[in-house]
Every structure is written in C-alpha cells, then in structure tokens.
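Note sheet for the following structure.
Throughout, read-outs are computed from the coordinates displayed, never taken from laboratory work. Predicted model only: the values in this text are computed from it and were never measured.
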Amino acid sequence: MGGKPRSFWTDKISFYLDGVGFTHKYNPYSDAKAPRGRIWMRPDEKLRLTAKSKHEGSGSRTLKYMVGISYNTGVVICEPYTTLNVLWMKGFVERNFTQAFLLAKKGPGRLFLQDNDPSQQSASATKAWEKLGFEQVYIPPRSPDLNPIENIFNLAKEYLQQEACEKEIVFERVDDFRKRIERAVHTVAREHADKAIGSLPKRCEMVKAAKGARIPY
C-alpha cells in the first residue's frame, strides 16, 4: 500500500467496504450519559489477532451493517445483515457492487478496498465480484488504521450518542434506532469521508514507521 499517491486512494478506488455493529439500548439517553471505559491495545500487539470485544450486557442487541464509502460521494452501500456467511456475502456483492460503482463515478477502474477477513473473502464472493469486473485492494485483518471507513463508524457512534443526549431519548424501539443509524452513517460520511480517505498516504507511512503498531488514526 505504501508509496501510492493520494490520487490512487481518492480517484482510483471506487469504494471502501467494511461491516459494523451498533448496540441498541432501550434508554439511549441514560447509556450515553454513563461513564464508559476503554479497551486499549498493548504496544506490542501490533497487527496480531487479539480478543478485544467486550460484553454488552443483558438486553442489548447489535444491529449490523455492511457499509461502503467513496471519495466525493459519501455512502454508496448501507445494507443491514444478521449473519455474515458465504451465501449472504455472495448475494450482497451481486445486489450492491454495480450500483455502488455507478454512484462512486470513478471512471473505467473498478477497485474496492476491504480487509482480508475470511468471512468477507469466500471463494463464491470473490467469483461474484470478479464476474462483475471488480478488483480488490485488501489490507491485513484487524487493521483499522488502514481503512478510513473505521473513522466514519466511530464518528457515527459518537453522533448517535450526542443525538440521544440532545434529544433526551429515554425510550427507543429497535426500528427507530435502525433509522437513526442509517441517518447518522450518511450524515457523518458526507462530512468526513473525503478527509479520512485523503489521509491514507500519511497513514501508510506512519504504519510503516511504527512497524505495524497502532497509530493516532
């Protein structure tokens, strides 16, 4: 990835793809106001696999989305899913990739970026996007510093918490939360996607200098 010009990331890659989960709380106002802890990565972990997930507590439900963002466009894919498996991923590619490319308006090239997570790299999904004429630029699994869409996810979660506080949402059904998620992702991506994608040359150099350790992104 290193050494590529900024124009490669902004103009050649049609979209950046990844999955994300948002935890539903019936009282999002109370949850947003509660003190929250952080789970830190040790300096020596670098890009190794780690168990960093946290228990969300009883009664919570995670709403999962596969999202794609594009420079100068924002969100080009935003589809909910329950289980990420081979059949779903193949169908997801067939349903979304051609339209996402058209929305991205990147010319004749059909590059997209995602990490090398096995759940997104099944043989059937690969055949589906190759059949459509797409090519993949992949990054190592669990490398959030190298995928600008992770910034959008973090900002969307902050947006949802801030909105819950400002509107004092003390009760929220799952369907209403789903609407807020989709609105938050689109709003944040419009505001921040270009800056996040444009920072990739700097990120690559920082990761190389840090030899794979975490960087401030």
| Under DSSP H, which helices of the chain have Cα atoms covering 18 Å or more of the helix axis and a Kyte-Doolittle average no less than 0.0? | 86-104
| note | Looking only at lysines whose Cα falls under 26 Å of LYS211's and that sit 8 or more positions away or on another chain, we get LYS4, LYS46, LYS52, LYS195, LYS202
| task | Could you pull out every one of the aspartates and glutamates with an alpha carbon less than 19 Å from that of LYS167, ignoring same-chain neighbours closer than 8 positions? | result | ASP31, GLU158, ASP175, ASP176, GLU182
| field | Highest-MSF residue in the chain out of ASP11, ASP194, ASP175 [GNM, Cα springs under 10 Å] | value | ASP175
| Using only Cα atoms, what Kirkwood radius does the chain have, in angstroms? | 18.4
| said: Among SER143, SER70, SER30, which one shows the highest mean-square fluctuation when the chain is modelled as a Gaussian network with alpha-carbon springs under 10 Å? | reply: SER30
| query | How many times 2.2 N^0.38 Å is the alpha carbon radius of gyration of the range 104-217? | reply | 1.30
| task | Assign one of three labels to the range 60-135, namely rounded, prolate or oblate, based on the Cα gyration tensor with a ≥ b ≥ c the square roots of its eigenvalues; rounded applies when a/c is under 1.5, prolate when it is not and a/b is larger than b/c, and oblate otherwise. | result | oblate
